[in-house]
Amino acid sequence: MNELTEEDFVVPPVKYEYLDHTADVQLHAWGETMEEAFEQCAIAMFGYMTDLERVEMSQMHHIEADGDDLEGLLFHFLDELLFMFSAEPYIVAKKVKITEFDRVNFKIKAWALGEEFTIGKHSQNAEVKAITYSAMQIVDRPRTEHPEIFVIVDI
């Protein structure tokens, strides 16, 4: 396991929002890079489930995901993180950092910093049941504008 630095515990500024969608919620995330947009989308998902202000960064979990294309990679990346939250010990992440992003073979390695979800300490907002491909958009623009992601999650 790599040693963490002080910078690893600095939470990046918020670059996501929630858009209304019938019976679901649409996550809209962006970043300076595609990696940052993926990371922001992951944090948006956790932020929809609980108030991230109450989450401490005391545990690190590693995840890996792959796909057949960029959309598949995003789907499996978010699905792995959702599984981390849905299976014991129910980890909620406050920060997600991609350490490897292979856009040729569509593979991601990342770590998530957070803690075990505890009722009473953490608010119970909407439960994300599944990631969907429905209306998924990954907007990869030329260098003049930033990448954007739109993902609908089933709640």
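The values are calculated or read from the model by the stated rules, or taken from the named source; none is laboratory data. The structure displayed is predicted, hence computed values, not measured ones. Every residue, glycine as well, gets a Cβ built from its backbone with ideal geometry; the counts of neighbours run over all protein chains shown. For the accessible areas, the whole protein counts, side chains as well, though only heavy atoms, and no ligand, DNA or RNA atoms are used. Shrake-Rupley method; radii C 1.70, N 1.55, O 1.52, S 1.80 Å.
Given a 1.4 Å probe and the protein chains as shown, residue 54 ends up with an accessible area of around 110 Å². Taking the accessible area of the chain, probe 1.4 Å, and keeping the other protein chains in place, the carbon and sulfur fraction comes to 48%. Considering only lysines 8 or more places apart in sequence, or on different chains, count the pairs in the chain whose C-alpha atoms sit under 15 Å apart. Going through the chain pair by pair, I get 7.
Accessible area per residue was computed with a 1.4 Å probe on protein heavy atoms; residue 90 scores about 100 Å². From helices alone, the chain scores -7000 deg cm²/dmol at 222 nm; the rule is -39500 (n - 2.57) for each run of n ≥ 4 DSSP H residues, then divide by the residue total.
Couplings 3J(HN,Hα) of the stretch 80-93, computed from phi: 4, 5, 5, 4, 4, 7, 8, 10, 4, x, 6, 7, 10, 9 Hz, in residue order, whole Hz [Karplus 6.51 cos²θ - 1.76 cosθ + 1.60, θ = phi - 60°; x for Gly and Pro].
Think of each Lys and Arg Cβ as +1 and each Asp and Glu Cβ as -1; about the Cα centre, that makes the dipole of the stretch 1-90 roughly 320 debye. Here the chain is treated with +1 on each Lys and Arg Cβ and -1 on each Asp and Glu Cβ, and its dipole about the Cα centre works out to around 180 debye. Based on C-alpha pairs under 8 angstrom that are at least 6 apart in sequence, the chain has a relative contact order of 29 percent.
What does the charge count around residue 4 come to, taking other residues whose C-beta lies under 15 Å from its C-beta (Lys +1, Arg +1, Asp -1, Glu -1)?
Net charge in that neighbourhood comes out at -3.
Taking amide hydrogens as placed 1.01 Å from N in the peptide plane, the amide H of residue 24 sits under 5 Å from that of no residue at least 5 positions away in sequence or on another chain. Averaging the sequence gap over all C-alpha pairs within less than 8 Å and six or more residues apart, then dividing by the number of residues, gives the stretch 43-120 a relative contact order of 39 percent. Across all directions, the shadow cast by the convex hull of the chain built on its C-alpha atoms averages 9.2 square nanometres. Solvent-accessible area of residue 100, all protein chains in place: 100 Å² (probe radius 1.4 Å, heavy atoms, ligands and nucleic acids excluded). With the charge dipole of the stretch 56-129 set up from +1 on Lys and Arg Cβ and -1 on Asp and Glu Cβ about the Cα centre, the Cα lying farthest toward the positive end among the listed residues 105, 118, 91 is that of 118.
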